[in-house]
Amino acid sequence: MKVSRGLRLLKQLPNVRNSSSGPTKPLKIVTKHFEEISIPVPWGHISGKWYGPKHVRPIVGMHGWQDNAGTFDTLAPLLPSHLSFLSIDAPGHGLSSWLPAGTSYHSIDLVLITRRLMDDYNWDKISILAHSMSSINGFVFSALFPDKVDLFVGLDVLKPPVRSSRSIVDALAERLESTLKLERRLKSGSEPPAYEWDQLVTRLHEGSNKSVSLDACKYLLQRNCRPSTHEPHKYYFSRDNRLKSSLFYTLHQEVPMEMARRIKCPHLFIKALQAPYYERKEYFDEVLAELQQNPLFEFHEVEGTHHVHLNEPEKVAPIINSFINKYRPL
């Protein structure tokens, strides 16, 4: 494992703008001291931000689709100070290595990454704090390896969404074709489209269906953009474009129901009330009812968008801290 001081990307963005108009000023987003880490994997490395002492097994933060470790920049300083926190970039995201050419991304990748992480650090147990795509994967991991999770906090997406047979088949065909198109584009070696800073912020904000506030975009962009080599003062999105054609779980409702029955660890789920359910709500409600059979399960709702943990961390921090302090006390 390689360790270095954080903010190395910050040095590559010397004159970026705030989300509002006005004079150019340095991007300042550090909310708490962290160290950049690099964890070896067979195709490269997984990058992460480690907050707190190295001798304490951390809570592992995992982000949503096309986001990165910066999704927890505002929440990390509010978490219990007696524990460490490790926020990682999934493959193809942030500063982590892309998957090799000719391969495709799948939701279950992060389940295996979680096991690799445990092996690398020789952990018998893992504590997970996960948002969106990773909340789905935390649910799956906790069901597949119930004895390896000592607590799991999921944010906004409860489980693998259930889709109709028609939409599954249509989406698979579309994504496979999209994968080939993106591969051809990568072979050309051309740089992605570049934008002025304010344009980049707007594209991220609107691309998230305005879930990420304009002000909060900078926390994700620090690990998600690079200066253009062709157009001075412009930037491009640096994540792997193949993520757009990622393959997701295609499961019948009985599969997440069975998974819910197998989760035995302390489990907290927080739903943002201004966010969609990403499936028919009855599927969500059915699995939620099954999870509530676990006496260690807690369910809370908060006002906010899908990225409420990033935009307004003070709304979720007290709930998360109470849960963490209960199961991993000082």
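Would you be so kind as to identify which of SER165, LEU144, TYR121 lies farthest towards the positive end of the dipole of the stretch 37-194, taking Lys and Arg as +1 and Asp and Glu as -1 on Cβ and the Cα centre as origin?
Value computed over the given set: SER165.
Largest first, please: the extent of the C-alpha atoms of the stretch 149-237 along each principal axis, to the nearest Å.
Cα extents, longest axis first: 46, 35, 27 Å.
Over the chain, what is the relative contact order in percent, taking alpha-carbon pairs closer than 8 angstrom and at least six residues apart?
20
Per 0.36 nm of contour for each residue apart, how much would the distance between GLU282 and SER81 grow if the chain were fully extended, relative to their Cα-Cα spacing?
68.5 nm
Work out the length of the dipole vector of the stretch 251-300 about its Cα centre, built from +1 on the beta-carbon of each Lys and Arg and -1 on the beta-carbon of each Asp and Glu, and round it to the nearest 20 debye.
That gives a dipole near 160 debye.
Express the C-alpha Rg of the stretch 250-313 as a ratio against the empirical globular expectation 2.2 N^0.38 Å, rounded to two decimals. The partial results should precede the final answer.
Values: Rg = 12.8 Å, N = 64, 2.2 N^0.38 = 10.7 Å.
Ratio of Rg to 2.2 N^0.38 Å for the stretch 250-313: 1.20.
Mind putting together the pair-distance distribution for the stretch 47-145? All Cα pairs, 10 Å bins, whole percent per bin, short to long.
Going from the shortest bin to the longest, the percentages are 15, 51, 30, 4, 0.
Could you tell me the accessible area of PHE299 in Å² (1.4 Å probe, neighbours in place), rounded to the nearest ten?
About 60 Å², ignoring ligands and nucleic acids.
Could you pull out every one of the aspartates and glutamates with an alpha carbon less than 18 Å from that of LYS234, ignoring same-chain neighbours closer than 8 positions?
LYS234 reaches GLU191, GLU196, ASP198.
Calculate the length of the line joining the C-alpha centroid of the stretch 217-234 to that of the stretch 109-166, in whole Å.
30
Leaving out ligands, DNA and RNA, what percent of the accessible area of the chain is carbon and sulfur, probe 1.4 Å?
On the way: 8000 of 15020 Å².
Roughly 53 percent, rounded to a whole number.
Alpha carbons only, please: Rg and Dmax for the chain, in angstrom.
Radius of gyration, then largest Cα-Cα span, for the chain: 19.3, 57 Å.
If the chain between ALA171 and HIS252 were fully stretched, how many nm would it gain, using 0.36 nm times the residue separation less the Cα-Cα distance? Could the numbers behind the result be given before it?
Details: separation 81, 0.36 × 81 = 29.16 nm, distance 1.57 nm.
Fully extending the segment from ALA171 to HIS252 adds 27.6 nm.
At 222 nm, what helix-only mean residue ellipticity would the chain give, in deg cm²/dmol to the nearest 500, using -39500 (n - 2.57) for each DSSP H run of four or more?
Roughly -9000 deg cm²/dmol at 222 nm, from the helical runs in the chain.
Over the stretch 104-215, with the other protein chains present, what is the accessible area per residue in square angstrom, probe 1.4 angstrom?
With the other protein chains kept in place, the stretch 104-215 gives 48 Å² per residue.
Charges only on Cβ, +1 for Lys and Arg, -1 for Asp and Glu: so what's the dipole of the stretch 51-167 about the Cα centre, in debye to the nearest 20?
Computed charge dipole of the stretch 51-167: roughly 260 debye.
Averaged per residue, what accessible surface does the stretch 252-330 expose to a 1.4 Å probe, in Å²?
49
Would you please put 142-149, 275-282 in order of how densely packed they are, using the mean number of other Cβ atoms within 10 angstrom per residue and starting with the highest?
Top of the packing list down: 142-149, 275-282.
Evaluate the charge dipole of the chain about its Cα centre and quote only its size in Debye, nearest 20, assuming +1 on the Cβ of each Lys and Arg and -1 on the Cβ of each Asp and Glu.
Roughly 920 debye, rounded to the nearest 20.
Summing Lys, Arg as +1 and Asp, Glu as -1, what charge do residues with Cβ under 14 Å from the Cβ of GLU303 carry, GLU303 excluded?
Taking every other residue near GLU303 into account, the sum is -2.
If I stretch the segment between ASP119 and ASP147 completely, what's the gain in nm (0.36 nm per residue apart, minus their alpha carbon distance), one decimal? Don't skip to the end; give the middle numbers.
Values: separation 28, 0.36 × 28 = 10.08 nm, distance 1.49 nm.
My answer for the length gained is 8.6 nm.
The values are calculated or read from the model by the stated rules, or taken from the named source; none is laboratory data. A quick note: this is a predicted structure, and the numbers were derived from the prediction, not measured. FYI the Cβ positions are ideal-geometry reconstructions off the backbone, even for glycines, and counts take in every protein chain you see. For the accessible areas, the whole protein counts, side chains as well, though only heavy atoms, and no ligand, DNA or RNA atoms are used. Shrake-Rupley method; radii C 1.70, N 1.55, O 1.52, S 1.80 Å.
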